[in-house]
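Read through the structure below, which is laid out as structure tokens, and then see the notes.
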């Protein structure tokens, strides 16, 4: 299987490296100092699950140099969906042994799929959920926190197509957790019910999960923020149900104390934030559905001055 990674950050870099180490033909799209380091020293992953170095790594900033692939792991930041989506053009083919090129949206938020479909056409878009805490530790190095690392993906219509079956086989060969979702839209909202509260509160409190647990006010904020996401999801027609609630409650109780969100790390570094597509999206969708979201509104108010990358 030929795979391209669009956005070789924590998610794309980690899983792309694991797939490459297991024998998949993987090309990495990156830029700047990160790209230069990968080209010169290989792509390195530091992880409790085992370190890996892909050297040499097929890395470029030009998708045309890669050509058509079977799968694109699409893992850019949410503000870059349309621009990076348009750049995927040379990677796409209309048909092949497993069908059209599948572009799997391993991103945060709940709107990457329709946005990407508007650029590429719906036939190419596959929904995805990544469960991992990983960042670019330094140019050329992906630093993974903890041991959690898994992917879930699926066709938006729920079919088990040859391309998602082939991707699952490649993931299983790479040795990390992966699965095909029966309802990937519900899975995306399930992640949102954990991610938006955790990202928002960890950034609001400038802390990690251990700091949140140690602070009664932040604990209450997480609980309230989770319930607001559930209420908005139900208003959007997503069946929350006991399984989704149990997943989020279990995750809140078991995520490592040292784990923090990528948005909190971006805030600390003075980088741009995904706030408008996380807590901001909950506020926006909730307003459209008549669902109150005061906790997420508080987070948005506090963090908006920093969302364009102003120093803390």
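So here's what we get for this one:
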read-out	value
Pairs where the first residue, in the range 146-159, is under 14 Å from residue 106 (Cα atoms) and the second is assigned to a strand (DSSP E or B) and at pLDDT below 95, C-beta under 6 Å, 6+ apart	149/132; 150/131
Condition met for residue 78 (within 20 Å of residue 112 (Cα to Cα) and touching a residue at least 40 places away in the same chain (Cβ under 8 Å))	yes
Residue in the range 115-127 that is under 16 Å from the mean Cα position of the chain (by Cα), surrounded by fewer than 20 Cβ atoms within 10 Å (Cβ to Cβ) and in a helix (DSSP H, G or I) present	yes
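Let's see how each residue does on (1) touching a helix residue (DSSP H, G or I) at 6+ places or on another chain (Cβ under 7 Å); (2) farther than 28 Å from residue 258 by Cα:
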| site | (1), (2) |
| --- | --- |
| 150 | no, no |
| 158 | no, yes |
| 182 | no, yes |
| 193 | yes, no |
| 200 | yes, no |
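Rundown of residues vs (1) under 30 Å from residue 143 (Cβ atoms); (2) surrounded by fewer than 17 Cβ atoms within 10 Å (Cβ to Cβ); (3) within 23 Å of the chain's Cα centre (by Cα), yes/no style:
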site	(1), (2), (3)
238	no, no, yes
245	no, yes, yes
288	no, yes, no
296	yes, no, yes
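The values are calculated or read from the model by the stated rules, or taken from the named source; none is laboratory data. All figures in this text were calculated on a predicted structure; none of them were measured in a lab. Every residue, glycine as well, gets a Cβ built from its backbone with ideal geometry; the counts of neighbours run over all protein chains shown.
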